[in-house]
1. Using only helices, what value at 222 nm comes out for the chain when you add -39,500 (n - 2.57) per DSSP H run of length 4 or more and divide by the total residues, to the nearest 500 deg cm²/dmol?
2. For the chain, what does the relative contact order come out to in percent, with C-alpha contacts under 8 Å and a separation of six or more?
3. Separation of the stretch 122-165 and the stretch 59-102 by C-alpha centroid, Å?
4. List the equivalent ellipsoid semi-axes of the stretch 14-64 in whole Å, largest first, each obtained as the square root of 5λ for an eigenvalue λ of the Cα gyration tensor.
5. Kindly express, to the nearest 10 degrees and within the range 0 to 90, the angle between helix 96-106's C-alpha long axis and the longest C-alpha principal axis of the chain.
6. What ranking do 157-165, 7-15 get when scored by the average of other Cβ atoms within 10 Å per residue, highest first?
7. For the chain, give me the percentage of DSSP beta bridges that are antiparallel, rounded to the nearest 5 percent.
8. Could you order the peptides 77-88, 38-49, 16-27 from most to least packed, using the average number of other C-beta atoms within 10 Å per residue?
């Protein structure tokens, strides 16, 4: 089995860091629970460029990013026993060194680091992702998406090909069974 594991919003708590940086820059007080959609920044009055300026700061400074879950080395090791585990991210490849250093520092076990904005076009059997768009694209091509539960994907229903998960341990149990 080939498994695609997302970086932002599944391994790294990028949105938490994004909110911290946004709050500091704009003197606001939002948290990830306030992020109600994939294009959440529009509701904050930001342009795409302004929102991604903050994301770029997150990605360029991996020391700011926390893990979304504890025990990532153990959890990713367990997932890798089920097949080839790659980290697949839509973050721009210019941040490869930052992401690799974060993954190494956190002890994440994986085979390859892949950069792609069209994940569904890659040959994986299972995608563990938090993006509502990725989940819907994967559903359309009859592959399997384990949708990591986040405030920005609440509206995506489970289907034959989309299963909601609440942790990487949950992903492991679903895939094992």
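1. -11000 deg cm²/dmol
2. 28 percent
3. Going from one Cα centre to the other spans 19 Å.
4. After scaling each eigenvalue by five and taking roots: 16, 12, 11 Å.
5. Taking the Cα atoms of the chain, the angle to 96-106 is about 70 degrees.
6. 7-15, 157-165
7. 5 percent
8. The most tightly packed comes first, giving 77-88, 16-27, 38-49.
Only the coordinates and a few stated rules stand behind these numbers; no lab work does. Please read these numbers as outputs of a predicted model, since none were measured by experiment. Backbone-built Cβ (ideal geometry, glycine too); neighbour counts: all protein chains shown.
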